[in-house]
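For reference, the structure is listed below as structure tokens.
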Amino acid sequence: MKAFFISITLLLAVAPLSRAVEVTFERNTNLPLVYINVLGKFGSVQDPAHKEGLTLLAAESLLRGTTKHTKQEIQALLESYGAEIEIDTRAEMTVIRGRTLQSNLDPFLNLLEELVVDSVLTPQEFKKQKEEQQAKVQSMLDQDWQVALLHYNRALFGTHPYGSPIDGTLKSLKTISLEDVLAQKKRILQKGTLTVIGSGDAKEKRISQFAKSLEKRLPNGEAFAKVQPPKPLLSRKVVLVDKPDRTQLQVVLAQIGLLPTDPRYFAFYLANNAYGGGGFTTRLFNQLRKANGWTYSAYSQMMLGQQPRSWTSHISPKNTDLLPSLSKLLQVHQEFLTSGITEEEFLFGKEQITQKEGFLIDTPRKRAENAILEKALGLSKGFMSSYASQISKLKLKQVNAAARAAIPGDGLLILVVGTASIVKKDLAKATQVAEDQIEVIPFDQLDLP
Amino acid sequence: MLYGTTRAQQFDYTNGLRLVVVEDSSSPTFAYQTWFRVGSKNEEKGHTGLAHFFEHLLFKRTKNTQDGEFMKRLEKAGSDGLNAFTGKDMTAYIQSLPKKALPLIIKLESDRMQNLVIDDKAFYSELAVVKNERLMRQDNNPDGTLLEALFALAYQVHPYGWPIIGFPEDLDAMKPEHAKKFYQENYTPENAIVVVVGDVNAKKVSELVDHAYGSIPRGTHKLRTSPPEPPQDKPRRRVMKVQISTPKIFIGYHIPPVQSEDTVAFEVLETILASSQNSRLRKKLVDTGLASDVGAGSFQNSDPSYFLITAKLQEGKSPDDVEPLILSTLKELREVSLSDAELESAKNLIRLRFYSSLEKLSGVAYQIGSSEVKFGDIKRGFQTYQEQLDRLTPEKMKSVLTTYFKDEQRSTLVGEVK
């Protein structure tokens, strides 16, 4: 992993970024509000190995003081404006999300600019930031679904950056220094990495002025290397995440998914809609929840990225239902990947998704969110609102070809969060994997060796 | 007028049903929500969880539709956000749809208000799902476990003391006949408000609603009222061990029902105490490294309600370090008036969040439905609320704190690491 990042650094020197801060803004005067998002095309994939959480800390440090204001003064100013700013760091993007009462737009934009270009992080504030982040990570481990999410990414992607916990681990956060955070901040806050996207009761000219002013004051930089595609698992892998006193389990089947630009993407999307992605009428819902009452949650989902991310199926049975519910889940999953969907499911899904078209673009804020995703993932403009038109053109044959072949590799990760001493035997039976072949991991162990 | 140029039209039918329509053609869709003034407080002891169970059962078979048909037809029509939720005083069934699906949803919603069929098979398989949901929300979730314990400590007579999802033993004992009785007694038009917001014509909606719901008879049973909670005369405290990484502390006080004019003051207090980044508890507890997170909130219930303060401690810190600071913060607020600037900032943040909640059609419908359930009056949730917020003074805040935040009205629950 270390070598991977060294090679990135060498590559960066020859790839200068564009010098513009782009702007997308939609004026809407229905409410006296303005939403301004500053999108950064960087995220946890820019974390070096064993420094997971670094990009999040670097981005979040923008709210912790500037050359003119302390953290408390920044928050007091925001509240006096009727405004809020939060930092949302994900794998491949970070969004500084701001919203303000329209009447205070000017001072709000001035403050937002100050945060992006004049932020400072004192040693005292960094110490607090780290303590708060460590506590947040501990709190995440209190929630079983969060434990499942963190562990399936780690188990599926291994040392690939998509496996890194965005928030860091208790161990990785300890190793991050103030110097690390300042260096990462310098690396990510550059002209070509930022885009301003917003909506609300403001003139586009004012938002463009804000973007131009950012552009003037941000340094030129170097592009980040593209993340390499993850490697699929080659065989079945069963992981039991051991957490004490569980009476209910989180069960996840995970495989490497598809690129949104893959020609089979929309066909697979429609197939998955019938399998588990489409709401309350899917195979997972009907066979795992409705017919047997084994689980409250029963769904599947595809995560999108610049490289293929995960395609997962989720259920949450009680301990004593693990054997029948997981056996059934594996059967439904296998049938789907072998035979695809029926014509009835195909026609239903096509109708459902095309009728739903209006909701892809029903508010200015949603249109802004679509633009954020398109920019962050390098998708063409209008991609996020094109689902209905793309899906209306599909044939059943294409959809089933995608269901059968789009998911790469024979490997399947089966991950269960539960109390190992209670459920290991049933897990072995359901997965047909010997007990000693099941990898048992303590729930709070997320670090790479 | 609700806000800006947005106005609501209200229609009252002879069977007691109320319809509220807001015409908004900003997108070719509409939100359709049915709010029932029926929540967990309307259940009987020993039958807890019934109101929430209807969140599941109402998607089952009716005399006119097969099991699953309700969801299938709506999903095929392009529904978005098809769901339901239950509170202590209400249950709401929500969905958004493309504009042409208006007749369909009116037909399906009016059908399940009068024709639900509760058969044994569907009842028991869905009951298993609810038990599984309870494992997720309460028993395997430390926050759920602790909140359940706190309400049991704070309310010893009133049904607000029991969990919305129901006690495990009550779920085990639940029978189809209990559900049938609860449905007949409570899911009637005079207990319901239908809210439609979006690309619709109000007159047309009212005609369709009249046609579909107009023949449903008014119920014969009055909503069950709850025994009043006797005044709390001394502080209560409980410590329990749960599977958490660091201790948590919950401190709560009894406050008046949501209809009280003081409700807006509690919202401001939430902001001043914890829900803003610059709040007093955040500065005292989070910025000093004693806690990793703090929270404050009022529940806005129709019967005497509750205000709750929470803190999640940092590793190695004790509740004994944190609890006195929470109490001294409340004492300061009782003794020293807020500055105008602090109050105005809190008001601005509330205005921001209120307007943000109206961005989607479903958000407007939610505000209307919840205002109707809480106040029986939409205006109260919009203009009156804003006017009350504008008028709120530091002196009023001090008086509210002095009246309600007394030691004897306090319940404290400490969650320790197991």
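Points worth noting:
- Filter pass, A:VAL241 being outside the structural domain of A:SER61 (by TED's automatic domain parsing), open to solvent by less than 20 Å² (accessible area, probe 1.4 Å), part of a strand (DSSP E or B) and among the aliphatic types (A, V, I, L, M): yes
- When A:LEU141, A:LEU173, A:LEU156 are checked against the criterion of being within 21 Å of B:ASN141 (Cβ to Cβ) and touching a residue at least 40 places away in the same chain (Cβ under 8 Å), A:LEU141 stands alone in meeting it.
- In region B:148-254, counting only helices (runs of 4 or more DSSP H) that sit wholly within it, the ones holding 2 or more residues that are touching a strand residue (DSSP E or B) at 6+ places or on another chain (Cβ under 9 Å) span B:176-186, B:202-213.
- Residue within region B:55-74 that is more than 25 Å from the chain's Cα centre (by Cα), farther than 30 Å from A:ASP362 by Cβ, more than 13 Å from every other protein chain (Cβ to nearest Cβ) and modelled with pLDDT of 95 or more present: yes
- Candidate set from region A:73-120 (those that are away from chain B (no Cβ under 12 Å) and of a type in the set (Gly, Ala, Ser)); member that is nearest to the chain's Cα centre (by Cα): A:ALA91
- Flag for A:GLN331 being at pLDDT 95 or above, within 24 Å of B:LYS121 (Cβ to Cβ) and among the polar types (S, T, N, Q): yes
- Inside region B:23-37, residues that are within 12 Å of chain A (Cβ to nearest Cβ) and of a type in the set (A, V, I, L, M, F, W, C) make up a count of 2.
- For B:SER292: the one exception among (1) at the interface with chain A (Cβ under 8 Å from one of its Cβ atoms); (2) surrounded by fewer than 23 Cβ atoms within 10 Å (Cβ to Cβ); (3) modelled with pLDDT under 95: (2)
- Residues located in region B:150-164, provided they are among the aliphatic types (A, V, I, L, M), open to solvent by 10 Å² or more (accessible area, probe 1.4 Å) and under 28 Å from B:THR246 (Cβ atoms): B:ALA152, B:LEU153, B:ILE164
- If you go through region A:121-157 and keep only what is open to solvent by less than 20 Å² (accessible area, probe 1.4 Å), more than 10 Å from chain B (Cβ to nearest Cβ) and under 21 Å from the mean Cα position of the chain (by Cα), you end up with A:VAL147, A:ALA148, A:HIS151, A:TYR152, A:ALA155, A:LEU156, A:PHE157.
- Residue match in region A:209-229 (condition: open to solvent by 60 Å² or more (accessible area, probe 1.4 Å), in contact with a helix residue (DSSP H, G or I) (Cβ under 7 Å, 6 or more places away or on another chain) and not in a loop (DSSP other than H, G, I, E, B)): yes
- Taking region B:388-418 as the range and being part of a helix (DSSP H, G or I) and touching a Ser or Thr at 6+ places or on another chain (Cβ under 9 Å) as the test, the residues that pass are B:GLN388, B:PRO394, B:GLU395, B:MET397, B:LYS398.
- Extreme residue, surrounded by the fewest Cβ atoms within 10 Å (Cβ to Cβ), among residues of region B:1-25 that are of a type in the set (Gly, Ala, Ser) and in contact (Cβ under 8 Å) with a residue 24 or more places away in the chain: B:SER25
- Screening A:GLU86, A:GLU60 for residues that are of a type in the set (Asp, Glu), open to solvent by 20 Å² or more (accessible area, probe 1.4 Å) and assigned to a helix (DSSP H, G or I) leaves exactly one candidate, A:GLU60.
- Selection count, region B:94-133, where residues are more than 18 Å from B:GLU207 (Cβ to Cβ), outside any loop (DSSP other than H, G, I, E, B) and open to solvent by 30 Å² or more (accessible area, probe 1.4 Å): 7
- Options B:MET90, B:MET71: the member that is open to solvent by 10 Å² or more (accessible area, probe 1.4 Å) and over 25 Å from B:GLU372 (Cβ atoms): B:MET71
- Within region B:183-201, residues that are under 21 Å from B:HIS52 (Cβ atoms) sit with their Cβ atoms under 6 Å from residues that are outside any helix (DSSP H, G or I) and basic (Lys, Arg), at 6+ positions apart or across chains, in these pairs: B:ASN191/B:ARG37; B:ILE193/B:ARG18.
- Residue that is out of contact with any strand residue (DSSP E or B) (no Cβ under 7 Å at 6 or more places or on another chain), assigned by TED's automatic domain parsing to the domain that holds A:ASP262 and without any contact (Cβ under 8 Å) to a residue 24 or more places away in the chain, where the choices are A:LEU323, A:LEU330, A:LEU304, A:LEU347: A:LEU347
- Of the residues making up region B:37-51, those that are open to solvent by 10 Å² or more (accessible area, probe 1.4 Å) and either out of contact with any helix residue (DSSP H, G or I) (no Cβ under 7 Å at 6 or more places or on another chain) or assigned to a loop (DSSP other than H, G, I, E, B) (or both) are B:ARG37, B:GLU44, B:LYS45, B:GLY46, B:HIS47.
- Taken over region A:275-300, the residue count meeting the criterion of being part of a helix (DSSP H, G or I), under 24 Å from A:LEU379 (Cβ atoms) and within 13 Å of another protein chain (Cβ to nearest Cβ) is 1.
The values are calculated or read from the model by the stated rules, or taken from the named source; none is laboratory data. In this text, all values refer to a predicted model and were calculated from it rather than measured experimentally. Glycine gets a Cβ as well: all are built from the backbone with ideal geometry, and neighbour counts include every protein chain shown. For accessibility, only protein heavy atoms count, side chains too; no ligands or nucleic acids. Shrake-Rupley method; radii C 1.70, N 1.55, O 1.52, S 1.80 Å.
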